[in-house]
Amino acid sequence: MTITSSLLKQAFGPLANIFGDPMTAGHTGSQFTCLEADEIALALYVTGYEDQAVTWLHGHALGEDWEDSHAHDYDEQEGDHDRETPRIFNEDEIREYLRELSANYLEALLMIAKS
């Protein structure tokens, strides 16, 4: 069976509608670990739901504290480690973060599609 990108997009549509909803992302996103939130966002991103992936990660970030990998590492790199609370990524930063993380996922999807 060949998996096409349109089939993957169609299959992920219902999940994109759920996780990409601002209310769902804001109320439940912070309850997921950074790794869990990243996995959901990457699955949405590589299947063509970039806006929903950004919304999901933004909702997740609303609950960030200094122990979370998204907040602490980024703030230290930016020289903001003296802040009282972590700075939340803006949309452009989230999009860049997803682009960087998605390289391996896109390669895997292309291999699956070619088989």
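So here's what we get for this one:
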| quantity | calculated |
| --- | --- |
| Two-site label geometry, Ile18 and Asn104: point separation in nm, points 7 Å out along Cα→Cβ | 2.5 nm |
| Extension gain, His27 back to Lys9 (0.36 nm per residue minus Cα-Cα distance, nm) | 4.0 nm |
| Theoretical gain in end-to-end length, Leu62 to Leu35 [0.36 nm per residue, Cα-Cα removed] | 8.2 nm |
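Every read-out reported here was derived from the displayed coordinates using simple, explicitly stated rules and does not represent laboratory data. Here the structure is a predicted model, which is why all the values come from computation and not from measurement. We place every Cβ from the backbone using ideal geometry, glycine too, and count neighbours over all the protein chains shown.
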